[in-house]
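Visitor: Below you will find the structure I want to go over with you.
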Amino acid sequence: MSVLVNKDSRVIVQGFTGSEGTFHAEQMISYGTTVSGGVTPGKGGMKHLGLPVFNTVSDAVSETDADVSVIFVPPRFGADAIMEAAEAGIKVIVAITEGIPVSDMVRVREYLKGYDCRLIGPNCPGIITPEEAKVGIMPGFIHQKGGVGVVSRSGTLTYEAVDQITKLGMGQSTCIGIGGDPIIGTTTLDAVKLMMDDQDTEIIVVIGEIGGSMETDAAKWIKDNGTKPVAAFIAGKTAPKGRKMGHAGAIIGGKEDTADAKIAIMRECGIEVIESPAEIGKTVARLTGR
Amino acid sequence: MNIHEYQGISILKAYDVDVAEAFVAETPDQAVMVAQELKEKYNTDLFVVKAQIHAGGRGKGGGVKVARSIDEVREAARQILGMTLVTPQTGPAGKVVRKVLVARNVFYKGEAPHKELYVSILLDRASGRYMFVYSPEGGMDIEEVAEKSPEKIFREEINPSTGLLPFQARRIAFNLGLEGKAFKEMQRCAAGLWDAFRGSDAQLLEINPLLKASDDRVMAIDCKMALDDSALFRHKDLSEMRDLNEEDPYEVEASEYNLNFIKLDGNVGCMVNGAGLAMATMDLIKLSGGEPANFLDVGGSANASTVEAGFRVILKDKAVKAVLINIFGGIVRCDRVARGVVEACRSAGDIDVPVIVRLQGTNAMEAKEIIDKSGLQVESAISFDEAAIKVREAIG
């Protein structure tokens, strides 16, 4: 078992024939992911990378039985691409696209309530279950199969963490890059719950950032429901406070919205908060007794 | 993207929100012309002259002045234009005022008392919906109201498929304690604010105060507005409202090279790919005894020209005593980044501070060799720990 994607996942690529879509489709295929085709409106019937191109996601789903879609379309088409995937019956939608307008995502979030699907991202590196499926833009070679579940808001910082873990001889069950936008489909808590239920995951690593309450929401849930050790690193203790214009954000942001407050709450909830980004791998090794 | 009060007010007017009439001026003479126009139109001698900068708390720093005659408008404009205004939101350096807004002062006497209200619209991340946050206690520090009397802060969540519904506009007007004509005006105002917010893809719209005047009109007499950068592609007119004078010159230069840069006050410059790793690198600099001099995310393509531009921007800051480059090469290969770094160091000329380059990921060893054999005064490192130690050594 693993989370969200595995060797049986059948993946399509939206924005297949564009430069990003092409490059990363090739990388995913060479990693061993089952990519069964892609969608580029107007190019249906063509072959690309030896795979069929469809005009619509629903065509792709009915022809290939795809259950996972990874989205590389330009930002202005991002929201539409996500909703098209949901409507076509895709179960796991991974939106890599960066820069989708917030108001578009407000609409997407409402639309998705009517569908049984999970959105990862947008503006995320994707998901990887090592040695089974890579659905995203992360470098595959730094990963290896194992018991560490990784949930992260960032891209390269996740690679850094994974690399440290792998170099110490440990592997990952699944790594989920949830994305850094104001509205994302899967929160830290959602991803942590998936990992808690996953038999292959022994320990969970949460990579967070200052801002928002996602990590503390997850921590409070873990305090009452957690069954596995959780380690976390929160980036941005030295980052400047946002130069905000108004006060409205502070009213709803609340007092937990600083790095120190966040870390204190997480510690109270029994989470091992890592001080230095250089110590992520070592901390995981210590907690798992390696 | 933040915009000025006068720009926000022009947007509100376009969406039929009642505002205290006002025009922007760049010289005292222009300010006088505006005041004369307002005097003719409203037969008033009451004006407000307000500094236009991208920061709140202007009144506290002397950036807002009430004028009781055209001469007082000229005097107020003279004092405010060109001043360096320091407010709790500008930081100690303050901001130079280049424009003033001359507005009709709508705190005129009338049958009913006037009342200052607070209304804002913003995203509630938890629900993923936009939300009105409002209070009958406007005109003052709203954060203080939220702390001391949270029962006076109201919220109205907007369903994206319907927008603001009439019953919600009524509830807003009720909760603000309005009645009669003002109650009706407030509903129209709420609808207009919502349309303005949605129509311009705003991230934040804050009116403090929204004034219920003595004749029961409801008027925006202030406007803070921030627009979603990601949505500017569909608002060519609004994107022209960007005022580069309000932005840090280093950051403006960096954005020309597509670098995401924020200037800080430390002594160790850094250049990183990815925002999360950049923040983690800043944290590491701090743990090593230094202070980060900047945040700099060079993005996915860390090539010679972006690295060179990064060096130029970082080294303009004479407080920088060392530079740490931290690149995790995933899809980008480290050896290519290393060649870019070497090329950038050569073309940037004499870099007189220690440079530490840490390249990790694809072809990291080859990359280290390229740096070590380059003959440049550049230290290479592979692990994050090693980089931290070298930063500590460099700043002594």
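The values are calculated or read from the model by the stated rules, or taken from the named source; none is laboratory data. Note that the structure is a prediction, hence the values are computed from the model and not measured. Reconstructed Cβ throughout: ideal geometry from the backbone, glycine too, with neighbour counts over all protein chains shown. When the accessible area is computed, the model is the full protein with side chains, heavy atoms only, and any ligands, DNA or RNA have been set aside. Shrake-Rupley method; radii C 1.70, N 1.55, O 1.52, S 1.80 Å.
Visitor: Consider B:LYS316 carefully, then state whether it is more than 14 Å from chain A (Cβ to nearest Cβ) and of a type in the set (Lys, Arg).
Guide: Here the answer is yes, as B:LYS316 does meet what is asked.
Visitor: Would you pick out the residues in segment A:149-170 that are more than 15 Å from B:ASP385 (Cα to Cα), in contact with a helix residue (DSSP H, G or I) (Cβ under 7 Å, 6 or more places away or on another chain) and more than 8 Å from every other protein chain (Cβ to nearest Cβ)?
Guide: A:GLY149, A:VAL150, A:VAL151, A:VAL162, A:THR166, A:MET170
Visitor: Right, next: Could you run through segment B:1-60 and say how many residues are basic (Lys, Arg) and surrounded by 22 or more Cβ atoms within 10 Å (Cβ to Cβ)?
Guide: Selection size over segment B:1-60: 2.
Visitor: Out of all the residues in segment A:224-231, is one or more buried (at least 20 other Cβ atoms within 10 Å of the Cβ), farther than 30 Å from B:ASP248 by Cβ and among the hydrophobic types (A, V, I, L, M, F, W, C)?
Guide: yes
Visitor: A further question follows. Considering only residues that are more than 11 Å from every other protein chain (Cβ to nearest Cβ) and outside any helix (DSSP H, G or I), look in segment A:184-199 and name the one that is nearest to B:ASP124 (Cα to Cα).
Guide: Going through the qualifying residues, I end up with A:THR186.
Visitor: Could I ask something else about it? Would you check if A:PRO74 is open to solvent by less than 20 Å² (accessible area, probe 1.4 Å) and either at negative phi or of a type outside the set (A, V, I, L, M) (or both)? Working first, answer last.
Guide: Details: open to solvent by less than 20 Å² (accessible area, probe 1.4 Å): no; either at negative phi or of a type outside the set (A, V, I, L, M) (or both): yes.
When the stated conditions are applied, A:PRO74 does not pass them.
Visitor: Confirm whether B:GLY349 is within 14 Å of chain A (Cβ to nearest Cβ) and either open to solvent by 10 Å² or more (accessible area, probe 1.4 Å) or within 22 Å of A:THR156 (Cα to Cα) (or both).
Guide: On the way: within 14 Å of chain A (Cβ to nearest Cβ): no; either open to solvent by 10 Å² or more (accessible area, probe 1.4 Å) or within 22 Å of A:THR156 (Cα to Cα) (or both): yes.
No: the conditions fail for B:GLY349.
Visitor: For segment B:224-245, what are the residues that are more than 18 Å from B:ALA55 (Cβ to Cβ) and either open to solvent by less than 20 Å² (accessible area, probe 1.4 Å) or within 12 Å of another protein chain (Cβ to nearest Cβ) (or both)? Give the steps one after another, and end with the answer.
Guide: Step one: list which residues in segment B:224-245 are more than 18 Å from B:ALA55 (Cβ to Cβ), which gives B:228-240.
Those that are more than 18 Å from B:ALA55 (Cβ to Cβ) and either open to solvent by less than 20 Å² (accessible area, probe 1.4 Å) or within 12 Å of another protein chain (Cβ to nearest Cβ) (or both): B:ASP228, B:ASP229, B:SER230, B:ALA231, B:LEU232, B:PHE233, B:ARG234, B:HIS235, B:LEU238.
Visitor: Next question, about the same structure. Which count do you get for residues in segment A:77-120 that are within 14 Å of another protein chain (Cβ to nearest Cβ), open to solvent by 30 Å² or more (accessible area, probe 1.4 Å) and not hydroxyl-bearing (Ser, Thr, Tyr)? Steps first, please.
Guide: From segment A:77-120, those within 14 Å of another protein chain (Cβ to nearest Cβ) are A:77-80, A:82-83, A:95-114, A:119; that's our starting set.
Those still in the list that are open to solvent by 30 Å² or more (accessible area, probe 1.4 Å) too: A:77, A:80, A:98, A:107, A:109-111, A:113-114.
Next, only the ones that are not hydroxyl-bearing (Ser, Thr, Tyr) stay: A:77, A:80, A:98, A:107, A:109-110, A:113-114.
So the count comes out to 8.
Visitor: Which one is nearest to B:GLY330 (Cα to Cα) among residues in segment B:246-262 that are open to solvent by 50 Å² or more (accessible area, probe 1.4 Å) and either modelled with pLDDT of 90 or more or of a type in the set (D, E, K, R) (or both)?
Guide: By that ranking, first place goes to B:GLU256.
Visitor: Taking strands (runs of 3 or more DSSP E) that do not extend beyond segment A:1-83, which have at least 2 residues that are in contact with a Leu (Cβ under 7 Å, 6 or more places away or on another chain)?
Guide: Values: elements: A:11-14, A:35-39, A:51-54, A:68-71.
Qualifying strands (runs of 3 or more DSSP E): A:35-39.
Visitor: Also, I was wondering about something else. Out of B:GLY375, B:GLY274, B:GLY299, B:GLY340, report the one residue that is open to solvent by 10 Å² or more (accessible area, probe 1.4 Å) and away from chain A (no Cβ under 14 Å). Don't jump to the end; show me each part of the working.
Guide: Details: B:GLY274 fails: away from chain A (no Cβ under 14 Å); B:GLY299 fails: away from chain A (no Cβ under 14 Å); B:GLY340 fails: open to solvent by 10 Å² or more (accessible area, probe 1.4 Å).
Answer to the selection: B:GLY375.
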